[in-house]
Amino acid sequence: MATPLSASRMVSALRAEGLRPVEYRSWRTHNRNHKGAWGPVNGIVVHHTAGRNSLNLCYNGTSSLPGPLCHAHLAKDGTLSLISNGRANHAGSFAANAFNAMLNESDNHPRPDSAEPIDANARTYGIEIENLGNGRDPYPAVQYDAAVRWAAAICRAHGWSADSVIGHKEGTRRKIDPTFSMDKFRANVAARLSGQGGAAPDVSAPAPDSKPNPPKVSGHPARYQVTINGQRYGYGAYGPHVTAVGRALVSAGFGRHYKSGPGPKWTDADTKNYADYQRSLGYSGSDADGVPGATSLGKLLKRSGVRTVSVAKLVSAAKSNPPMSGTPVTYSGVRTVEAALSAAGFLASGRVDGHFGSDTVRAYAKWQRKLGYRGRDADGIPGHSSLSVLAARYGFKVSA
Ligand SMILES: [Zn+2]
């Protein structure tokens, strides 16, 4: 979902994450959209202000760098002020390798190249965290926690993972902000996204400093995630690949803990069933804690068969289906792709019908644009590369 959030959606997403955003001055119409593009958005950039009393400066900017200078300003006491809704002068240009790592939600955020062809002000949200940036000025817990919540709120609203969040210093060699570890910050955002915090809108959530971490509850199955082949597994992980694991467990005979059928969200029932399966392979201890390892997962999916989608058959369906009346299913792989587009936020779940109609063409075009394709390369007819990225993220394979 690469369309920027509206001002109202931004406010409700932040409130759902337990924040109390201050709507500063005319932030809803304050932007630099007259100077360049705003959207599609692909990520989130974290900054420090390198100064004090920076709220007004962030709104107005300077004669050489006109405001707004960010989307949100975060004071030392955790007060989050909304500064802009639209293009803002916060990120400047980014290196393509750094930008693509963020766009593709790679676990690895490489050192940015020196060439910077990307207009990051068009493609990212930015927060300015008030801090002197000298490495000695602390980030109070209440401030840091609010920054994590701000980033998690936007990730959640767009269906992004924490790897859509980078520091300014990770997008360009010109900058050093923020002074804290971005790997740790992303881990904190991921914990919020997978934990209890903010999963559902909760306008009566406690103040930001009262619940810095999900409470530790003893007696439940393992609740951590692993990344295997670029996909997350374990408690809180989400996507069609999670459903695929659940279905494979059931078909292998390890489904006794499900109260309802396996679904796209990894729950304790998935963990318990997976642990049963690991024990059947002879694993014990932490190797049988119900969080997948690459070996057991590979065996399970091989046993059940990961779906392979043919590009040629998909293209033929995409070209022939739209004018057809009703919802004839000409190729069963269409449903797999639709489920992935739906999970990515581009297709309403009610339109996952196996028919590659005009809704699906539009949804696929959005996916292509998210990857940076333009013009005829973003016409909604699948190609091998765009489909391969989708397949890697949502757990299917691609053949010619
Ligand atoms: Zn910065």
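So here's what we get for this one:
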read-out	value
Among residues of segment 153-188, those that are among the small types (Gly, Ala, Ser), within 17 Å of the chain's Cα centre (by Cα) and within 16 Å of the ligand (Cβ to nearest atom), counted	1
Residue identified as among the small types (Gly, Ala, Ser), in contact with a helix residue (DSSP H, G or I) (Cβ under 9 Å, 6 or more places away or on another chain), without any contact (Cβ under 8 Å) to a residue 60 or more places away in the chain and in a helix (DSSP H, G or I) among Ser342, Ser316	Ser342
Odd one out for Ala318, checked against (1) buried (at least 20 other Cβ atoms within 10 Å of the Cβ); (2) in contact with an Asp or Glu (Cβ under 8 Å, 6 or more places away or on another chain); (3) not aromatic (Phe, Trp, Tyr)	(2)
Subset of segment 1-42 (residues that are touching a residue at least 60 places away in the same chain (Cβ under 8 Å) and basic (Lys, Arg))	Arg9, Arg15, Arg20, Arg32
Flag for Ser349 being within 22 Å of the chain's Cα centre (by Cα) and closer than 21 Å to Lys265 by Cα	yes
Segment 372-395, residues that are among the charged types (D, E, K, R) and assigned to a helix (DSSP H, G or I)	Arg376, Asp377, Arg393
Boolean, Gly135 is within 16 Å of the ligand (Cβ to nearest atom) and modelled with pLDDT under 95	yes
Members of segment 348-361 that are surrounded by 15 or more Cβ atoms within 10 Å (Cβ to Cβ), free of Cβ contacts under 8 Å to residues at least 24 places away in the same chain and not in a loop (DSSP other than H, G, I, E, B)	Arg351, Asp359
Single condition Cys155 does not satisfy, out of (1) over 19 Å from Trp38 (Cα atoms); (2) touching a helix residue (DSSP H, G or I) at 6+ places or on another chain (Cβ under 8 Å)	(1)
Scan of segment 138-149 for residues that are within 16 Å of the ligand (Cβ to nearest atom) and either touching a His at 6+ places or on another chain (Cβ under 9 Å) or among the charged types (D, E, K, R) (or both), ordered by number	Tyr139
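Here is a yes/no grid of residues against (1) within 13 Å of the ligand (Cβ to nearest atom); (2) in contact (Cβ under 8 Å) with a residue 40 or more places away in the chain:
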site	(1), (2)
Ile44	yes, yes
Asn53	no, no
Leu65	yes, no
Asn89	yes, yes
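The values are calculated or read from the model by the stated rules, or taken from the named source; none is laboratory data. Note that this is a predicted model, so its numbers are computed, not measured. FYI the Cβ positions are ideal-geometry reconstructions off the backbone, even for glycines, and counts take in every protein chain you see.
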